[in-house]
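The values are calculated or read from the model by the stated rules, or taken from the named source; none is laboratory data. What you are looking at is a predicted structure, and each value in this text was computed from that prediction instead of being measured. Using ideal geometry, Cβ is built from the backbone for each residue, glycine included, and neighbour counts are taken over all protein chains shown. Calculation scope for accessible area: heavy atoms of the full protein, side chains included, ligands and nucleic acids excluded. Shrake-Rupley method; radii C 1.70, N 1.55, O 1.52, S 1.80 Å.
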Amino acid sequence: MPLANAHRYLIVMLGLTLWAFWPGYLSNLPAGKSAWHVHAAGALLWAVLVIVQSWSIHNGKRAFHKTVGLASFVAFPLFLVGGVMAIYAETVTLAAGLHDPENFSLGQFGTFDPLANIGFAVLFYGGLKARRNVQLHARYMVATTLFLVAPIVFRLLEQHVPGFSSDTPETAYRFSYAMGVGNIAAFVIAIYLYRLAPKHGRPFLVAAGFIAAQGLGFETLGRVESFHWLFSRFSLLSEPWLIVATFVASVAIIWHGWNAGGAAGSGAKGGGAPEAAQA
């Protein structure tokens, strides 16, 4: 099985995630917006699912792995819906203070966050389609977690490295430095994982491409005020309809990916099973 130690590294990543998000979110959950809660729930469920699936398949618990894999059909829509809700909440805040310097970074996320949602969906679809090819399937599923790296790194840098702290108007420019380091870290990890097995490394190249686009968008379009205005227009849409549309799209992705993967016994590599989160 590929990536035999993936679950161990992902447990460390989960721990770092809780550490990074503790001061600004987890330590005061009642004050958080509902969009943040749904987004966090989707991300946490997905991370735990990939950890459990990696552990189970590498410890010979194949039947358990098959059963738990079905949970991805809940976790995937929840992750996408939570992501869209978080983006919508950002645009509402941005629209209310479009020229407020404190909201400038929200405009920069106008490419970063949508690309994370799209990249996650592309990788999940790839993993579902390749579920009978263990080499690709495992890598697609692990690659979905790489979008957590930049948010973890930039928060930890801001919180614990004085040169990256950006909590005053005079130091706000440092936020981009922390984001840059986070994106570089995610990109380097993706390329490293690709280099471990280039023959089967396509999922990590896909992830690296999206991560690179996130970083470039953050520092280019993300600094254009007219783009901030355009991003803020997203807040004019109906949030309930956005949620419904995202859910319908996620179901369509699952349906198409599952059918594109073929039926059990079709001769594809890896055997038949609903292993939608194998790693």
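What the table shows:
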quantity: Tilt relative to the chain, helix 149-160 - C-alpha long axis, 0 to 90 degrees, to 10; calculated: 40
quantity: For the chain, calculated [θ]222 nm from helices alone, where every DSSP H run of n ≥ 4 adds -39500 (n - 2.57); calculated: -23500 deg cm²/dmol
quantity: Region 101-217: relative contact order as a whole-number percent, Cα under 8 Å and 6+ apart; calculated: 31
quantity: Projected area averaged over orientations for region 74-215, convex hull of C-alpha atoms, nm²; calculated: 9.1
quantity: Spatially close lysines, pair count over the chain: Cα under 17 Å, gap of eight or more or interchain; calculated: 4
quantity: Charge tally in the Cβ shell below 13 Å around P169, where Lys, Arg are +1 and Asp, Glu are -1, P169 excluded; calculated: -3
quantity: Gap separating the Cα centres of region 68-96 and region 37-52, nearest whole Å; calculated: 11
quantity: Relative contact order [Cα under 8 Å, 6+ residues apart], the chain, whole percent; calculated: 30
quantity: The chain: angle of helix 134-143 to the longest principal axis, Cα-based, in degrees nearest 10; calculated: 20
quantity: C-alpha long axis of helix 34-58 to longest principal axis of the chain, angle in °; calculated: 30
quantity: Selection from S232, L242, Y125 lying farthest towards where the dipole of the chain points positive, charges on Cβ; calculated: Y125
quantity: Sum of side-chain charges, V92 neighbourhood, beta-carbon under 14 Å (Lys, Arg +1; Asp, Glu -1); calculated: -2
quantity: The chain, Cα convex hull volume normalised per residue, Å³; calculated: 124
quantity: Under the Debye formula (equal points on every Cα, no solvent term), log10 I(q)/I(0) of region 192-238 at q = 0.14, 0.17, 0.19 Å⁻¹; calculated: -0.54, -0.64, -0.69
quantity: Probe 1.4 Å, protein heavy atoms only - accessible area per residue of the chain in square angstrom; calculated: 47
quantity: Relative pair counts by distance (%), Cα atoms of region 123-199, 10 Å bins; calculated: 19, 36, 23, 16, 6, 0
quantity: Accessible surface of region 110-163, 1.4 Å probe, proportion on carbon and sulfur as whole %; calculated: 67
